[in-house]
1. Given the stretch 78-156, what percent of its DSSP beta bridges are antiparallel, to the nearest 5?
2. Where both residues lie in the chain, what percent of DSSP beta bridges are antiparallel, nearest 5?
3. Distance between the C-alpha centers of the stretch 124-190 and the stretch 73-88? Whole Å please.
4. Return, ordered by residue number, the residues of the stretch 66-85 whose backbone nitrogen is under 20 Å from a label point located 7 Å along Cα→Cβ of Asp2.
5. Run the quick spin-label model on Asp100 and Gln49: label points 7 Å from Cα toward the beta carbon, then report their separation in nm to one decimal.
6. Explain nothing, just compute: Karplus ³J(HN,Hα) = 6.51 cos²θ - 1.76 cosθ + 1.60, θ = phi - 60°, for every residue of the stretch 174-183 in order, whole Hz, x for Gly and Pro.
7. Apply the Karplus curve 6.51 cos²θ - 1.76 cosθ + 1.60, θ = phi - 60°, to the phi angles in the stretch 53-59 and return the couplings in whole Hz, x for Gly and Pro.
8. Collect residues whose amide H, placed 1.01 Å from N in the peptide plane, falls under 5 Å from the amide H of Ala92; neighbours closer than 5 in sequence don't count.
Amino acid sequence: MDPVLIDLPERLQTERLVLRAPRPGDGAVLCDAVAASLDELKPWMPWAQGGATPAESEAHARRMHARFVLREDLVYLAFERAAGGGEGLLVASTGLHRIDWQVGRFEIGYWRRAGQAGRGWVSEAVRALARMAFDVLKAQRVEIRLDDRNLASARVAERCGFRLEGLLRRDALAVDGTPRDTRVYARVRGLDEPTPL
């Protein structure tokens, strides 16, 4: 089946969050969240090495929207859930990346807005996204890959029930261009997730 034909929720709601696919007009809130978080994101995210203008952030939001519609990359912006289920502050972002539709394999990535540590936003978002991947997309495997030195991200993976499968030594470059090790965590259908009847 052509992935474009796959029905996919553009909005997920948890107890405290609204996860929503990016859309045109999100550039301003995205620019604000990233600008507020650059110092925390720089060690881990190649795209966070410098600030983006509101226009660049809007272009990025529109590209993310297009890639979501094409089912190439499934980013969700995570907003604090306001009264009545509306969207409050953009507190994080997550998504399903490096998708292999034929195998049913997805990789979850995430980042959190500065000043929001210790609130459990990312863990809540990752749990919701993993659940959607297994229940709606019938995933066989959901991974989280991260820099071995990023202990906060590793704790999120472990809290969300992902098992450490291994350490890929010197398999990628850190943002400063030096070789780095990558931890691979996963949840797998039939092992960590029930097989559907």
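Taken together, the values in this text are just the output of simple stated rules run on the coordinates, not laboratory data. As the structure is a computational prediction, the values presented were derived from the model and not from experiment. When we count neighbours, we look across all protein chains shown, and the Cβ atoms used for this are built from the backbone with ideal geometry, even at glycine.
1. On the way: 10 of 13 bridges.
Antiparallel bridges: around 75 percent, rounded to the nearest 5.
2. Numbers: 35 of 39 bridges.
Here the antiparallel bridges make up roughly 90 percent for the chain.
3. After rounding, the separation between the Cα centres reads 22 Å.
4. 66-74
5. Between Asp100 and Gln49, the label points sit 2.9 nm apart.
6. 6, 4, 8, x, 8, x, 9, 9, 10, 7
7. 6, x, 5, 5, 5, 5, 4
8. Ala78, Arg113
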